[in-house]
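First comes the structure, then the notes that go with it.
Any read-out appearing in this document is the output of simple, stated calculations on the displayed coordinates, not a laboratory observation. In this text the structure is predicted, and so the values were computed from the model without any measurement. Positions of Cβ are backbone-derived with ideal geometry, glycine not excepted, and every protein chain shown enters the neighbour counts.
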Amino acid sequence: MRKTAVVGAAQTPFGKLYERDTRDLAEEAVFKALKDAGARPSDIQVAFVGSGGMDPTTPMMIGQIALEQLGIKGIPITRVENACASGSNAFHLAWLAVQTGMYDVALALGVEKMSTPTPEQARMAMRLGGGDALLEGSMGLFPPGIFAMIAQIYMEKYDCRREDLAMISVKNHKHASLNPLAQYQKEVTLEEVMNSRQVAYPLGVLDCCPISDGAACAIIASEDAVKRFSSKPVWIRASVQVSGTYEDLDDLRPDTTQRAGFQAYEMAGVGPEDIDLAEVHDCFTFAEIMHYEDLGFCNLGEGARYIREGKPFLGREKPVNTSGGLLAKGHPLAATGIAQVYEIVQQLRGQAGPRQVEGARIGLTHNGGGFRHGDVGIVTVHILER
Amino acid sequence: MKAKPRGIPVVKKFFRETPEGIEVIASRCSRCGSYFFPVKKVCPHCLDETMEEVPISGKGTLISFSVSYDGLRGIKPPYAFGYVKLKEGFMLFSLLTDCEPFEEKLKIGMPVEMVIEEMGEDFYGNVLYTYKFRPSEDQS
């Protein structure tokens, strides 16, 4: 395998940014990533642009249009749509492009505009487009409902209580209060989460990630090309993408995330115990509990105890979602996967300010996308090392 | 299970018209016996056009459920939904009906049976029908 590194990373503020559009969000993220790397637009040899297209005005060939803002043109540019994993998938393909030896410097951008025309329209689009629209979305299933159903079985089978779910939201809002780019920089209490408006039983609105706008960008270089840039490289030790298998499972607990995690650990030559911090796909509070287990941070059935014991809090054993995660940093679909990389890069460089994980050496990102037949559509896992 | 619902199907290929009424159909591979919903042409296991259309038994158990407090087009909140494991062995997402109060009536693993019922309207104001499941006494 070719040694590759992230040499530049950036993220715009996340939130309901009514006055901003896809182009200027992309412009800000790409500009900051180029500055971060000390790169010129002409250094970029190939680009992949994640876009879920949630904004009805998002044009076809959004990659070409977004990158032209910064003078990145003429090179191969491809839009990547893989639901909520579009961004990390763009990052994976940028890595793959460098892996082939065909390119030395690649760019991955993720940009999403969800607050226009209205958040209600975005929610409707998520229902019909977030998974199998024909079979499930059109019949009343929506993303919180999927995780609510999995949570129901899990909570019947294992030691997991309503307040354990709520604690995930408390943790991630606490972390987001230290992140100036997060959508919600205000802490919430356990009571506030547990008493929040019901969305899909047992999940309340504070168990759910918000509707968000934002963009994130990363620049990847081969080992030979790293010295062209002024930043401190963060090495990509593993980049894995898998898809769901959609089996008929009585416990609604497919192995898709486990497979992605296992493959990534194998590629990186590390184990879960080596991971100093992680950004995981906490689209809903329960999802994070399940992913502790899937990624091997604890055993099956022990996810709730893991959060109850406080292990994934900042300053504890293995901080998870120091950025605030999807729940509090926000979840502009295609920006999320690359924003996760941005957070890990900041942490591994020691630039995370008040939310710095001391001595962090290895970080993991986990991004999921889409859902059908009880299984997640796409999972990517990345392992980065300083 | 056959019914004579008002309106048009939410998705045409979920259903088949018979002289006795509308029924929900799946594909079964005549070679390996695998079921698929909705109907399709080619069996991915046998890689051949071996499918036959068969009516769904409509008997199953509730794998899990939830209740939505957000509406969807014509579906008024709160409404219940779940994954059902059919007697045939495959799993299906469905709205749940005749089960209020939800948190009391609905239990993971309970027997359920299929009905065909109205489900709101489409963008043109047409009444839609779909399959749903409701709690059943039948333990078989």
### Query
Is there a simple number for the mean count of other chain Cβ atoms within 10 Å of the Cβ of residues in B:4-12, and what is it?
1
### Task
Could you grab the relative contact order for the range B:33-140? Cα pairs under 8 Å, six or more apart, rounded to a whole percent.
23 percent
### Task
Of the options B:V42, A:G325, A:A39, report the single residue whose Cα projects farthest towards the positive end of the charge dipole of the protein assembly as shown (beta-carbon charges: Lys, Arg +1; Asp, Glu -1).
A:A39
### Average Cα contact separation per residue, the range A:297-369, under 8 Å, 6 or more apart, as relative contact order %
22 percent
### Task
Rounded to the nearest 500, what is the 222 nm mean residue ellipticity of the protein assembly as shown from helices alone, with -39500 (n - 2.57) per DSSP H run of 4+ residues and division by all residues?
-8000 deg cm²/dmol
### Query
Ratio of the range A:146-217's C-alpha Rg to 2.2 N^0.38 Å, to two decimals?
1.20
#### Entry: Extent along principal axes [Cα atoms of the range B:94-136; Å; largest to smallest]
37, 18, 12
### Query
So what's Rg/Rh here for the range A:120-240, counting alpha carbon atoms and using the Kirkwood radius for Rh?
1.09
### Query
Per 10 Å bin, what percent of the C-alpha pairs of the range B:23-95 does each bin hold, from zero upward?
19, 37, 28, 13, 2
### Task
Go through the range A:348-357 residue by residue and turn each phi into a ³J(HN,Hα) via Karplus (6.51, -1.76, 1.60, θ = phi - 60°); whole Hz please, and just put x for glycine and proline.
6, 7, x, 10, 8, x, x, 9, 4, 8
## Note on the structure
Pairs over 29 Å Cα to Cα, from B:K41/B:K107; A:K16/B:K105; A:K16/A:K174; A:K157/B:K105; A:K3/A:K35; A:K311/B:K105, come to B:K41/B:K107; A:K16/B:K105; A:K311/B:K105
### Task
Mind checking which of A:G244, A:G374, A:N89 is farthest towards the positive end of the protein assembly as shown's charge dipole, using Cβ charges of +1 (Lys, Arg) and -1 (Asp, Glu) about the Cα centre?
A:N89
#### Entry: Lys, Arg +1 and Asp, Glu -1 on Cβ, resulting dipole of the protein assembly as shown about Cα centre, debye, nearest 20
920 debye
### Task
Taking only Cα atoms and a 10 Å spring cutoff, compute GNM fluctuations for chain B and point out the largest among B:K41, B:K85, B:K59.
B:K41
### Message
Relative contact order for the range A:157-253: what percent, with Cα pairs under 8 Å and sequence separation of 6 or more?
### Response
17 percent
### Task
Please list, in chain and number order, the residues 5+ apart from B:S64 or on another chain whose amide H is under 5 Å from its amide H, with Hs placed from the backbone.
B:Y83
### Task
Return one quarter of the surface area of the convex hull spanned by the alpha-carbon atoms of the protein assembly as shown, equal to its mean projected area, in nm².
24.5 nm²
### Task
Could you give the C-alpha radius of gyration of the range A:33-188 expressed as a fraction of 2.2 N^0.38 Å, taking N as the number of residues it contains?
1.30
### Task
Apply the Debye scattering formula to the range A:296-386, with a single equal point scatterer on each alpha-carbon and no solvent, then give log10 I(q)/I(0) at q = 0.10, 0.25 Å⁻¹.
-0.29, -1.40
### Highest-fluctuation residue, A:G324, A:G71, A:G296 considered, GNM on chain A with Cα pairs under 10 Å
A:G71
### Averaged over A:143-153, number of beta-carbon atoms from partner chains that fall within 10 Å
5
### Query
Per residue, what volume in Å³ does the convex hull of the Cα atoms of the range A:188-324 enclose?
169 Å³
### Message
Within 11 Å, Cβ to Cβ, of A:D282, how many net charges do the neighbouring residues add up to if Lys/Arg are +1 and Asp/Glu are -1?
### Response
-1
### Amide hydrogen neighbours beyond the local backbone of B:Y69, cut-off 5 Å, H modeled
A:A200, A:Y201
### Task
Name the long-range amide H neighbours of B:I56: under 5 Å, sequence gap of 5 or more, or other chain; modelled H, no Pro or chain starts.
B:V24, B:I25, B:A26
### Query
On average, how many beta carbons from a partner chain sit within 10 Å of the beta carbon of a residue in A:248-259?
2
#### Entry: Cubic angstrom per residue, convex hull over Cα atoms of the range B:41-140
134 Å³
